[in-house]
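The values are calculated or read from the model by the stated rules, or taken from the named source; none is laboratory data. Only a predicted model underlies this, so the values are computations on that prediction, with no experimental measurement involved. Cβ placement follows ideal geometry from the backbone for every residue including glycine, while neighbour counts extend to all protein chains displayed.
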Amino acid sequence: MTQIGWYGLGSMGLAMANNLQRHLAAKKALSLLYTNRTMSRGSPLQTLGGIPEPSFDKLVSRCGIIFTMVSNDTVLQSLISSAVDSGHSLKDKIFVDCSTVHPETVSSAVAQLKAKEASYVAAPVFGGNPIAVDGKLVFAIGGPRGATEVVKPLIQDVMGRKVIECGEDATKSSLLKIAGNIVTVNMMEAVGEAQVFAEKTGLGTGPMEELIGEAFGPVAGGYSKRLTTGAYAPPLDARPGFGVSLAIKDARHAMSMAEKQGVKLPALELARKNMEAAREYAGECLDSSSMYGTLRQQAGLPFWNEKSRQE
Ligand SMILES: NC(=O)c1ccc[n+]([C@@H]2O[C@H](COP(=O)([O-])OP(=O)(O)OC[C@H]3O[C@@H](n4cnc5c(N)ncnc54)[C@H](OP(=O)(O)O)[C@@H]3O)[C@@H](O)[C@H]2O)c1
């Protein structure tokens, strides 16, 4: 039996690790070893049978498969470097990263791990926290076939409803994820604009939300709910569903790649500016949909709505 480890218990990681641990328990497999910068976030996972291991290096030395789900490229790079520099053998270990990172970060991780006879599988995800809780994420998987075949049964119908195969080049998964987030961020901008329009014209956000959900699907409907429930600006002691800085990172990754290829992304550029303006005004504790607050201000409304936090 392979021991499986997990690093990263944020908005997405905790929900995903909980589902993986439930699966392992049902299969009577070894319980998930987990670690996180803030270990206390693992309490729900421990309740399900997960086993805390505060040291990432020790976790790596004890596991054959190591999942990571962290905020950005810098955090992932530091974890990979820590594993590579730890002095422990990494031979035949499989590292599976589910975070959204730049393809160049993936290339670097692949090379570092290959030099240690370990494999890197990129498995970024589509869907927010509620979808992660339901185990219905869409994964884009890429990496050496031998490794992806080992990992897929831990994903399909465990953490995800669909695994999109991106081949043996792990950077392709990362590229697909970044491309997908062009749609995500632009859709949030579009829903935000429509809801500000509905409020200012007297149409009202209720009928608008009903239409968005019915005509444009549950994803767009979910983005509308983030606005009307105030989740775009949650209380300061809450963790946003998809932190605004994470979405800005994704938009910047897309724009840097687009620029190299001579591609224009004008709508994404606008959405990024609106997210940055929101963060400038209201701070870090904002959801990616918080460009809505900026759009409200541009229309002469307060940044906050009746359901959001108020400062
Ligand atoms: N949220 C979404 O809807 C969504 C959807 C698809 C993909 N993604 C992507 O999935 C990844 C995770 O997203 P998330 O929403 O779960 O993020 P999150 O809630 O911000 O969690 C980030 C995780 O990274 C850890 N971390 C952050 N900075 C760190 C540092 N300096 N050193 C060590 N650990 C650090 C956090 O530890 P602590 O718990 O100690 O803070 C936490 O475990 C991101 O790449 C994001 O772009 C997110």
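Here are the criteria: (1) surrounded by fewer than 20 Cβ atoms within 10 Å (Cβ to Cβ); (2) on the phi < 0 side of the Ramachandran plot; (3) more than 16 Å from the ligand (Cβ to nearest atom). Tell me which single one residue 294 does not satisfy.
Result: residue 294 fails condition (1) only.
For region 31-43, state whether one or more residues are more than 16 Å from the ligand (Cβ to nearest atom) and not aromatic (Phe, Trp, Tyr). Before the answer, list the steps.
Going through region 31-43, the residues more than 16 Å from the ligand (Cβ to nearest atom) turn out to be 31.
Imposing the further condition that a residue be not aromatic (Phe, Trp, Tyr) reduces the set to 31.
Yes, region 31-43 has at least one match.
Return the total of residues in region 35-85 being over 18 Å from the mean Cα position of the chain (by Cα) and among the aromatic types (Phe, Trp, Tyr).
Within region 35-85, residues that are over 18 Å from the mean Cα position of the chain (by Cα) and among the aromatic types (Phe, Trp, Tyr) number 1.
Determine whether region 47-62 contains at least one residue that is within 16 Å of the ligand (Cβ to nearest atom), hydrophobic (A, V, I, L, M, F, W, C) and within 25 Å of residue 136 (Cα to Cα).
no
Residues of region 152-197 being assigned to a loop (DSSP other than H, G, I, E, B) and not small (Gly, Ala, Ser), which ones? If you could, list the steps in order and put the result at the bottom.
Filtering region 152-197 for residues assigned to a loop (DSSP other than H, G, I, E, B) gives 157-159, 166-169.
157, 158, 159, 166, 168, 169 - these are the residues of region 152-197 that are assigned to a loop (DSSP other than H, G, I, E, B) and not small (Gly, Ala, Ser).
Pick out the one residue from 286, 227, 265, 211 that is touching a Phe, Trp or Tyr at 6+ places or on another chain (Cβ under 6 Å), hydrophobic (A, V, I, L, M, F, W, C) and buried (at least 16 other Cβ atoms within 10 Å of the Cβ). I'd like the intermediate steps shown before the answer.
Numbers: 286 fails: touching a Phe, Trp or Tyr at 6+ places or on another chain (Cβ under 6 Å); 265 fails: touching a Phe, Trp or Tyr at 6+ places or on another chain (Cβ under 6 Å); 211 fails: touching a Phe, Trp or Tyr at 6+ places or on another chain (Cβ under 6 Å).
Of the residues listed, the single one that is touching a Phe, Trp or Tyr at 6+ places or on another chain (Cβ under 6 Å), hydrophobic (A, V, I, L, M, F, W, C) and buried (at least 16 other Cβ atoms within 10 Å of the Cβ) is 227.
Please go through region 257-291 and give me each residue that is within 16 Å of the ligand (Cβ to nearest atom), closer than 21 Å to residue 175 by Cα and of a type in the set (D, E, K, R), ordered by number.
Passing the criteria: only 272.
Given the conditions (1) within 16 Å of the ligand (Cβ to nearest atom); (2) in a helix (DSSP H, G or I); (3) free of Cβ contacts under 8 Å to residues at least 12 places away in the same chain, and given that residue 249 satisfies all but one, which numbered condition is not satisfied?
It is condition (3) that residue 249 fails.
Determine whether region 139-147 contains at least one residue that is in the same structural domain as residue 23 (by TED's automatic domain parsing), at pLDDT 95 or above and among the aromatic types (Phe, Trp, Tyr). Show your work before the answer.
First pass over region 139-147, keeping only residues in the same structural domain as residue 23 (by TED's automatic domain parsing): 139-147.
Filter again for at pLDDT 95 or above, leaving 139-147.
Now drop any that are not among the aromatic types (Phe, Trp, Tyr), which leaves 139.
There is at least one residue in region 139-147 that is in the same structural domain as residue 23 (by TED's automatic domain parsing), at pLDDT 95 or above and among the aromatic types (Phe, Trp, Tyr).
Within region 94-133, work out how many residues are within 13 Å of the ligand (Cβ to nearest atom) and not in a strand (DSSP E or B).
Residues in region 94-133 being within 13 Å of the ligand (Cβ to nearest atom) and not in a strand (DSSP E or B): 16 in total.
So which of 160, 146, 127 ends up being in contact with a strand residue (DSSP E or B) (Cβ under 9 Å, 6 or more places away or on another chain) and over 28 Å from residue 240 (Cβ atoms)?
On the way: 160 fails: over 28 Å from residue 240 (Cβ atoms); 127 fails: over 28 Å from residue 240 (Cβ atoms).
Selected residue: 146, the only one of 160, 146, 127 that is in contact with a strand residue (DSSP E or B) (Cβ under 9 Å, 6 or more places away or on another chain) and over 28 Å from residue 240 (Cβ atoms).
State whether one or more residues within region 220-235 are part of a helix (DSSP H, G or I) and more than 16 Å from the ligand (Cβ to nearest atom). Steps first, please.
Of the residues in region 220-235, the ones part of a helix (DSSP H, G or I) are 220-228.
Now narrow it down to the ones that are more than 16 Å from the ligand (Cβ to nearest atom): 228.
Checking region 220-235: at least one residue is part of a helix (DSSP H, G or I) and more than 16 Å from the ligand (Cβ to nearest atom).
Scan 90, 76 and give me the residue that is without any contact (Cβ under 8 Å) to a residue 40 or more places away in the chain, in a helix (DSSP H, G or I), out of contact with any Gly (no Cβ under 6 Å at 6 or more places or on another chain) and among the hydrophobic types (A, V, I, L, M, F, W, C). Write out each step before concluding.
On the way: 90 fails: in a helix (DSSP H, G or I).
Among 90, 76, only 76 is without any contact (Cβ under 8 Å) to a residue 40 or more places away in the chain, in a helix (DSSP H, G or I), out of contact with any Gly (no Cβ under 6 Å at 6 or more places or on another chain) and among the hydrophobic types (A, V, I, L, M, F, W, C).
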